[in-house]
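A.B. asks: What follows is a structure written as structure tokens; I'll ask about it next.
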Amino acid sequence: MSPIHWTKVTNFPKTATHAIHFGPGGLSRIGPLTAKNLDGRGVHFIIASDHGKGDTELYDTLQVKYEDWWSKKWSPSLVCTSNGTIHLDTPFSCLLSKPPIVVAGMTPSTVKAGFVSAVLDASYHIELARGRHYNAAALCAKIAKIQKQIPASIGVTLNALYINPRQFNFQYPLWQEMQKEGLPIKGFCVAASIPSMEKATEIIDRLKNAGIKHITFKPGSVNGICQVINIAAANPDYPIIMQWTGGCAGGHHSFKDFHQPILSTCCAIHCHSNILLVGGSGFGSVEDLWPYLSVAKEAHTSPSVKDLIVAASGVRDTDWEGTYTKPTRGILTVCSKLGKPIHKVATQDVKLWKEFDDSIFKLPKEKHVPWLKEHHNEIIAKLNKDFFKPWFEAANIPVAVAVQAAAPFAIAAAPWGPVSLIEDVPNVLAVIITQKFKKHVNEVSLHFCT
């Protein structure tokens with residue numbers, strides 16, 4: 001028997017608009033399967049068998065149904081404005097009046113006012129990251145600083161972590177109040193997990209009433225994408241930007257393949273015109289990164305860290321999942337303080353971080369203190385030897401201090417006295433105090449792993 005290459009058999013010409021299935025089996029046989037294969041091709045399938053319900057449609061000449069050809073409907077086009085300037089025309093650019101490129105929010109890169117202002121002034125969309133805005137005064141001051149450096153007509157979008165209730169619960173209402181007071185507030189991004197349908201609708205209603213123009217979600221899986229689709233269906237009159245990155249882009253928003261989740265949900269996404277899909281992923285080679293180096297140039301990242309990034313050989317698309325278990329072409333994946341995987345340059349300190357991930361950080365809470373006591377000398381030695389971040393300024397060897405773990409506090413017994421850590425970092429397991437050796441302790445940097 002010779003195989004039948006069904007996809008070739010049903011590779012209809014571009015002029016085809018309808019296909020009719022006359023065979024037996026109705027909705028359970030080859031007709032619906034073929035229709036699925038032709039999603040987005042502009043071909044409407046009619047199941048006209050004895051078990052189907054397509055007979056009425058087959059003979060209806062007045063209400064003929066057609067399907068969209070996705071590549072025609074959603075492909076960018078060119079538009080000429082009244083002043084003769086040619087722009088790319090997409091649903092995203094129509095909503096924001098900006099090029100269809102997003103500089104997504106991430107601490108620390110999009111925290112600095114200078115960087116955010118430079119991107120906005122160049123007429124691109126950027127999300128101000130919520131990090132380091134620990135209270136209302138800090139966030140208001142940042143907006144005032146940005147406002148002085150951009151044209152009055154340009155608005156700002158905030159990226160807020162839904163997974164961090166302490167920050168989200170003051171940043172979200174404050175963002176609405178700022179807009180009502182006339183500040184340049186245009187959008188709001190709900191990052192790090194998707195709210196429930198009820199909560200998402202409540203958030204959207206309040207943003208809408210405040211005059212904020214759009215909301216962004218960042219799903220990390222097929223389930224998350226489906227949640228966003230359901231939210232869009234329940235709020236059809238409000239623009240929803242859905243950012244999808246996959247596991248290569250930093251690792252913090254997803255650990256899935258970039259392509260397959262979108263391919264499996266593409267049809268459902270396109271059913272909702274208020275969803276604006278933004279796709280992006282990690283850059284694993286110089287060729288991929290080269291067109292975007294201007295972003296790196298403007299970033300406030302220290303030169304030594306930029307050197308480390310450039311020196312890393314980069315992970316191929318077929319190899320990135322290897323970073324979850326071992327250093328792979330200069331990259332290693334560790335678990336952040338938010339409990340999410342994040343890709344890091346595999347420096348000595350990151351390798352130690354991974355070692356702690358695989359030992360104490362995965363133990364039950366009640367075993368933390370016994371483990372710390374048992375490995376006390378070993379931990380101090382490794383912290384002194386390996387855990388040193390390039391941006392810590394020090395004139396001598398960093399001092400690692402002993403840590404007493406307690407919830408919700410940790411007290412570090414430093415040579416100059418006890419150091420009490422902030423309350424909202426529960427179960428602190430390790431602290432590194434790097435001292436600037438001048439006359440006395442002028443500045444102390446704390447790094448905590450939870």
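The values are calculated or read from the model by the stated rules, or taken from the named source; none is laboratory data. Since the model is a prediction, treat every value here as computed from it, not as a measurement. Every residue, glycine among them, receives a Cβ derived from its backbone with ideal geometry; neighbour counts consider all protein chains shown. Quick note on the areas: whole protein, heavy atoms, side chains included, nothing else; ligands and nucleic acids left out. Shrake-Rupley method; radii C 1.70, N 1.55, O 1.52, S 1.80 Å.
A.B. asks: Y134: accessible area at probe 1.4 Å, nearest 10 Å²?
C.D. replies: Surface open to solvent at Y134 totals about 130 Å².
A.B. asks: Apply the Karplus curve 6.51 cos²θ - 1.76 cosθ + 1.60, θ = phi - 60°, to the phi angles in region 88-99 and return the couplings in whole Hz, x for Gly and Pro.
C.D. replies: 6, 10, 9, x, 5, 5, 5, 6, 9, 6, 9, x
A.B. asks: May I ask you to order 89-102, 137-150 by the average number of other C-beta atoms within 10 Å around their residues, highest value first?
C.D. replies: Most protected by this proxy first, the peptides run 89-102, 137-150.
A.B. asks: Let me ask something else. Run the Debye formula on the Cα coordinates of region 159-273, all scatterers equal and no solvent, and tell me log10 I(q)/I(0) at q = 0.15, 0.22 1/Å.
C.D. replies: The Debye formula, applied to the Cα set alone, gives -0.66, -1.25.
A.B. asks: Could you give the length gained by full extension between T81 and V345, i.e. 0.36 nm per residue of separation minus their alpha carbon distance, to one decimal place?
C.D. replies: 90.6 nm
A.B. asks: Ok, one more. So, in nm, how far is label A381 from label E67 when the simple model puts each one 7 Å beyond its Cα toward the Cβ?
C.D. replies: So the two model labels end up 6.6 nm from each other.
A.B. asks: Over region 58-170, what portion of Cα pair distances is larger than 21 Å, expressed as a whole percent?
C.D. replies: 53
A.B. asks: Let me ask another. Over the alpha carbons of region 136-203, what is the largest minus smallest coordinate on each principal axis, giving the biggest first in Å?
C.D. replies: Principal-axis extents of region 136-203 (Cα, largest first): 36, 21, 19 Å.
A.B. asks: Can you pick out the pairs among K306/K344; K362/K382; K306/K340; K365/K385; K142/K180; K180/K208 whose Cα atoms lie more than 21 Å from each other? Walk me through the numbers before you get to the answer.
C.D. replies: Numbers: K306/K344 13 Å; K362/K382 19 Å; K306/K340 23 Å; K365/K385 26 Å; K142/K180 17 Å; K180/K208 11 Å.
The answer is K306/K340; K365/K385.
A.B. asks: Can you tell me the FRET efficiency between W371 and C140 if r is taken as the Cβ-Cβ distance and R0 is 41 Å, rounded to the nearest 0.05?
C.D. replies: About 0.45, to the nearest 0.05.
A.B. asks: May I ask you to order 9-21, 61-73 by the average number of other C-beta atoms within 10 Å around their residues, highest value first?
C.D. replies: Per-residue mean Cβ counts within 10 Å order the peptides as 9-21, 61-73.
A.B. asks: Just in region 152-207: which GluC sites (Glu not before Pro) are loop by DSSP and have at most 12 other Cβ atoms within 10 Å?
C.D. replies: Taking region 152-207 and a limit of 12 other Cβ atoms within 10 Å, the loop GluC sites (Glu not before Pro) found are E181.
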